[in-house]
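Accompanying notes for the structure given below.
The values are calculated or read from the model by the stated rules, or taken from the named source; none is laboratory data. Computed from a predicted model, the values in this text were never measured in an experiment. Neighbour counts run over all protein chains shown; Cβ positions are idealised from the backbone, glycine included. What goes into the accessible areas is simple: the full protein's heavy atoms, side chains included, and nothing from ligands, DNA or RNA. Shrake-Rupley method; radii C 1.70, N 1.55, O 1.52, S 1.80 Å.
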Amino acid sequence: MAVKIKINFSRQLSALTSAEREIINSISGLGAKRGERAYIVGGFARDILLGFPNFDIDCVVEGDACALAEEFAKSFGGNIVSVNRKFHTAKIKKDNLTIDIASAREEKYASAGALPIVRSSTIKHDTLRRDFTINAIYISINRGDFGHLSCEKAYLTDLRKGLIRVFHKNSFEDDPTRIFRAVRFAARFGFNIESNTKRLMQKALKDGMLKKISSFRVKRELSLLLKEKNAPEAIEIAFATGLAKAALPGIKKTAVKDLKTARLIWFDFFIYLGEQFNLFLYMLLVLLKDLSCARRKKFVETLNLNKKDTAVLLYPRSRMDKILRGIIKNIPAWRVDADELRDEQLLFLVLLAASKNPPTGAKVEKRVMDYILMLKTKKPFHSSFELMRMGFACEKLGGLTKEITGKRRGGKILSKSQEYGFLVRKLKK
Ligand code: ATP
Ligand code: MG
């Protein structure tokens, strides 16, 4: 991807939204008052230069980030989400923006994959603890030189050329999660991993560095990777660099095609899915699609997911296939079986059909979409008040509503009078 960088950063900063500008000016003013120099950096600076939106404002101060954050919240509002005095970082939420403020710092890694030992420092040293040059572009927000670049020009060149480059040869050993990050940014921006960086990355993978990071951090990185818009490309890069071999044992390259289809299906359904839809879980279902039951189980166990998500990933394939056959043949009873599935699994059924035979997939997609729409609308005809007037006890209403909804979805109750008949029979029992 050709990237155009406008060097006039002050102009770029003035093109931010008014909320972003206000925050940056407030931090700038606080910095001046406290005698601490402040910069924007990280994804926020990178994305300003690339012309992409980013809702996380990453700031660095040569001073006390925690104290500055507290003063910011007091003077300008916003909620302090976290203050970490050990790592000299603070997070504030203001409107729909997140502000990450960190003290410029040096980091030392006692052992591979361990969390670092941190010491306050200057931005010159702060640079070296960062993952890649494209994420270490510091733009001053100090009054004297507002908008000026405060780092090596070479980092801008990397951004312009679309190159992901680490700062030193032990970078991936210090923090192996950077392997995932390199792949994620390469896929997101269509960048290349610079050749020496790629070699270092492959060496770290060969040396088993991924085993040094906790399952929690692996899960987090995998989730970020699979939620990317370009997740299929990310998995493609993971195959090309050796990350897939180390982190996704048994998964074949054919998964890339499935993930592409899966993204399209998800996009079709997007407006019907609630906030609780778990894109990571859905993409994981697709990624693990062709693994044997035993391998899938082994992989899922390493992720340490919660019970419900684990159950979704280990749901018997034979049951899924049975429901899918019902959908294809349009046997109404499939809706009753599908009652125990989550939306992630319903979309996975569409993927299963589409990956075998696209025309059948389209038919299945339509039926599943109708079903999901119906799920959202098929509530009982009778209100809670009516049910209580009929004689149902208040504490029974939850279970009763679920039962009626199930019957409505299964097509067994189609009208209010049918529902009334069912309720009368229920009362007589
Ligand atoms: P995104 O747009 O995905 O948020 P980002 O670059 O802002 O990308 P963050 O995880 O928000 O990524 O981190 C902010 C900055 O902190 C990064 O740009 C980078 O400079 C630094 N950083 C984050 N994680 C690491 C890491 N594991 N090692 C070194 N530096 C890191
Ligand atoms: Mg960020």
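For this structure, a couple of remarks:
- Candidate set: the range 132-163, residues that are aliphatic (A, V, I, L, M) and within 11 Å of ligand 1 (Cβ to nearest atom); chosen: the one nearest to Ala110 (Cα to Cα): Ala136
- Residue ID - nearest to ligand 2 (Cβ to nearest atom), chosen from residues in the range 83-103 that are touching a strand residue (DSSP E or B) at 6+ places or on another chain (Cβ under 6 Å) and open to solvent by 50 Å² or more (accessible area, probe 1.4 Å): Lys91
- Verdict on Val60 being more than 16 Å from ligand 1 (Cβ to nearest atom), of a type in the set (Val, Ile, Thr) and open to solvent by less than 70 Å² (accessible area, probe 1.4 Å): no
- Scanning the range 169-180 for residues that are within 18 Å of Ile48 (Cβ to Cβ) and in contact (Cβ under 8 Å) with a residue 24 or more places away in the chain turns up nothing.
- Qualifying residue in the range 360-382 (condition: among the acidic types (Asp, Glu) and in the same structural domain as Arg317 (by TED's automatic domain parsing)): yes
- Of the residues examined, Leu97 is not one that is within 15 Å of ligand 1 (Cβ to nearest atom), under 26 Å from the mean Cα position of the chain (by Cα) and free of Cβ contacts under 8 Å to residues at least 40 places away in the same chain.
- Close pairs from the range 201-225: first within 13 Å of Phe180 (Cα to Cα), partner of a type in the set (Lys, Arg) and open to solvent by 40 Å² or more (accessible area, probe 1.4 Å), Cβ under 7 Å, at least 6 apart: none
- The range 188-199 residues that are within 26 Å of Asn54 (Cβ to Cβ), paired with ones that are within 16 Å of ligand 2 (Cβ to nearest atom) and outside any loop (DSSP other than H, G, I, E, B) (beta carbon under 6 Å, 6 or more apart): Phe191/Ile164; Ile193/Ile164; Ile193/Ala182
- Taking the criterion of being near ligand 1 (Cβ under 10 Å from one of its atoms) and of a type outside the set (Val, Ile, Thr), the residues of the range 33-52 that qualify are Gly42, Gly43, Phe44, Ala45, Arg46, Asp47, Phe52.
- Pick from the range 69-79, criterion in contact with a strand residue (DSSP E or B) (Cβ under 6 Å, 6 or more places away or on another chain) and modelled with pLDDT of 95 or more, ranking: most open to solvent (accessible area, probe 1.4 Å): Ala73
- Residue that is among the aliphatic types (A, V, I, L, M), open to solvent by 20 Å² or more (accessible area, probe 1.4 Å), more than 23 Å from Gly42 (Cβ to Cβ) and at pLDDT 95 or above, where the choices are Ala262, Ala240: Ala240
- Number of positions in the range 373-429 that are open to solvent by 30 Å² or more (accessible area, probe 1.4 Å), under 18 Å from Ala333 (Cβ atoms) and of a type in the set (Lys, Arg): 4
- Filtered by the rule that a residue be closer than 24 Å to Ala338 by Cβ and among the small types (Gly, Ala, Ser), the range 361-412 gives Gly361, Ala362, Gly398, Gly399, Gly406, Gly410, Gly411.
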